[in-house]
Every structure is written in structure tokens, then in C-alpha cells.
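The values are calculated or read from the model by the stated rules, or taken from the named source; none is laboratory data. Computed from a predicted model, the values in this text were never measured in an experiment. Ideal geometry is used to build each Cβ from the backbone, glycine not excepted, and the neighbour counts take in all protein chains shown. When the accessible area is computed, the model is the full protein with side chains, heavy atoms only, and any ligands, DNA or RNA have been set aside. Shrake-Rupley method; radii C 1.70, N 1.55, O 1.52, S 1.80 Å.
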Amino acid sequence: MASELETREWKTVKIERKGDGITFLYMNRPEKRNAMNPTMCFEMCDILDLLTDDKETRVIVLTGAGEAWTAGMDLREFFRELDGNPAGRRKAAAANKEWAFTKLRMNPKPTIAMVNGYCFGGGFSKLIACDIAIAADDSIFGLSEINWGIFPAGGLARVLDDAMSLRDAMYYSMTGEPFDGKKASEMRLITMSVPRDQLIAKTLEVAKVLSAKNPVVLSAAKIAHKTARRMDYWEADEYTMAKSIAMVAQDPEKGRNEGMKQFLDEKRYRPGLGNYIREDKK
Ligand code: ACO
């Protein structure tokens, strides 16, 4: 039976299944360069919930329809039209935070940002929320808020600290200067950039590696890493050890034991060079 993912009429988002458990999630307002309006924020919260529970999805790839990834928050619908409407502003801002900081950043499934074009302003919080980011070399990034009289607010000033050096964050927030995918990769804002004609193939290659891993372990790895980042050493050690024990207890395929058995007893693989064999586990 088709799920709500397929049956609901989405206005600003859409999905595309790519096989091997990989689902592309599109910001889908190409005529507005995928500018994020309140409807997109609400729909993203809903669709990410559905994808989290979707059995056919093991990896989520966030990308943009048309020529942009996203032109940032919608200046008309998210800002101007909500001036004088505090309730509307509060709801839209809450949904914007929720989809970036919770539904995407802490999604139990692995997430890849596939940046196919412009990425401006509020797009950075979604970019940095994804576990991995792959861009076309000629994508254009920019913290352009300063160019129209605001600054990277709404949590962005804090989020930038997760993926940009102080020097880069200060320079680009204060100048608003655009930069390309190669530069974004050089400063480690993204994982890598590739020529445009290789963007989808490279993204699928990385997504397939993730899709073939034990999902319980993968989920624990990303959540533990993101949660422990801000703890002191002692807290991080205690938390990750407890998380690790919980993960082993929750893993139906008992990957830890299986991995050791295949290496130590059966000599079937080399853990340093690749994953244990889980053909019959998926
Ligand atoms: N908010 C609202 N509408 C937008 C936005 C936006 N962020 N970006 C593009 N649009 C709309 C345009 O108004 C235009 O609408 P129209 O066809 O009804 O006139 C349509 O999308 C196409 O935009 P163009 O500017 O014509 O497209 P072009 O390809 O020439 O330029 C670019 C694309 C560079 C992305 C340009 O639209 C732009 O500079 N957008 C704003 C980028 C920005 O500064 N974002 C940060 C917002 S602040 C924040 O996110 C916190």
C-alpha cells in the first residue's frame, strides 16, 4: 500500500526513490530558487517524520529542484508577510528550527546534502545539519544576510561554528561575499565538491556505502558523535560508553559479535578494509 509519502499532495517538497534504500528529498520551488517559505518548513517537518519511519528509506539525500539548492529563507513569505503577525512568525520560526536542528540534524538515518546550485543564508543551517555534504564545484554559497540588512541569526551564528572556522565565518558573515563549491570544500564547510556532471553519481556512491551498513550502528554513531561534541572529555566518555552498550543491546543483527566472528574465527574479511558481510541481514 502506498504511504502518505506518495499519496499526500505536497506543495513545496517531493521525494524520489533511487533504489538501494536511497531517497532523494527535494526542496521543490524551483521557480523561486527553492526559497524556504513557511509552508516548506511545515512540510519538511512532516515529510522528515514520514521518512524516518519509512522502511524503504535507509539514506536521505536533501537536494534542490531545478538550478538551486536553496536561495535561503523566503524574503517575502517568511519575513515581509509575517511582519505584524507574531503568531504566524512564531509558528514559522519554530518549524524552521525544528526541521533543521531536530528532524534533519538528529535524524536517526544518515543524511547527505547534495548541493546542486545556490545555497544562501538560512540554507546553511540545513547544509550543516546533514551528516555529509557533497556539492557541484560551481555551486554558489553565500551568507548574504548582510547584503539586505540583517545578519545570520535564528541559530545560524551558532550553527556556523560547527562547520566553519572562526576566521571564515567572520569573513563571509561580514562581507556577504559568495564562494563556490571548490572553496566550500577547501574550507571544510562541505565534505567534498565534484564536477557538476559527477554530482549525482558521487552522491549515490557515498549513499550506497551508508545504505549497506548496519542501520542501528550507523544511527548510534552519528547521534553519539553529534551529542558528545559539546561535552567535556569525562562526560563524553561516560555518555558514549553507555550509548554503545545500549546500541549493542538494541541491534537485532548483533553486528559487533558478527563482525568479530567473521574476522577472528572465520577469517572472512578485514575490518580495516571494509564492512563485515551482511548479505543475509538486510
Ligand atoms: N526569497 C524570496 N524570493 C526569492 C528568493 C528569496 N530568498 N530568492 C529568489 N527568489 C525569487 C525571486 O524573487 C524571483 O521571483 P519572481 O520570479 O516572482 O520575480 C525568483 O525567485 C527567481 O529569482 P531571480 O533572482 O530572478 O533568479 P536568479 O537565478 O537570477 O538569481 C539568486 C538567483 C542569486 C538566488 C537570487 O534570486 C538571490 O539573490 N536570491 C536571494 C538570496 C539570498 O540572499 N538569500 C538569503 C535570504 S536571508 C536568509 O536566508 C536568513
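To the nearest ten degrees, helix 166-175 and the longest principal axis of the Cα atoms of the chain are 30 degrees apart.
What is the gain in length, in nm to one decimal, between ILE245 and VAL209 on full extension, counting 0.36 nm per residue of separation less the C-alpha to C-alpha distance?
Numbers: separation 36, 0.36 × 36 = 12.96 nm, distance 2.45 nm.
Result for the pair: 10.5 nm of gain on full extension.
Computed from phi, the 3J(HN,Hα) profile of the range 256-265 under the Karplus parametrisation 6.51, -1.76, 1.60 (θ = phi - 60°) reads 4, 5, 4, x, 5, 4, 5, 8, 6, 9 Hz, with x in place of Gly and Pro. A convex hull fitted around the alpha carbon atoms of the range 1-89 yields 99 Å³ per residue. If you fit an axis through the alpha-carbon atoms of helix 199-211 and take the longest principal axis of the Cα set of the chain, what angle between them do you get, 0 to 90°, nearest 10? Taking the Cα atoms of the chain, the angle to 199-211 is about 40 degrees.
Taking amide H positions as modeled 1.01 Å from N, with prolines and chain starts lacking one, the residues under 5 Å from MET27 and 5 or more places away or on another chain are THR63, GLY64, ALA65. With every protein chain in place and a 1.4 angstrom probe, the accessible-area ranking of PHE79, PHE179, largest first, reads PHE79, PHE179. Give the angle, between 0 and 90 degrees and rounded to the nearest 10, that separates the Cα long axis of helix 86-97 from the longest principal axis of the Cα atoms of the chain. For 86-97 against the chain, the angle is about 30 degrees. Bridging of LYS202 to lysines at a Cα separation below 17 Å is possible for LYS18, LYS182, once same-chain residues fewer than 8 apart are set aside.
Summing +1 for each Lys or Arg and -1 for each Asp or Glu, what net charge is found among the other residues whose Cβ lies under 14 Å from the Cβ of MET231? Neighbourhood net charge equals 0. Normalised by residue count, the chain yields a Cα convex hull volume of 154 Å³ per residue.
For the chain, what is the accessible area per residue in Å², given a 1.4 Å probe and the full set of protein chains? Intermediate results must be reported in sequence, preceding the final value.
On the way: 14700 Å² over 282 residues.
Heavy-atom accessible area per residue stands at 52 Å².
Within the range 16-80, which GluC sites (Glu not before Pro) sit in a loop by DSSP and count at most 13 neighbouring Cβ atoms inside 10 Å? Here the sparse-neighbourhood loop sites are GLU56, GLU67.
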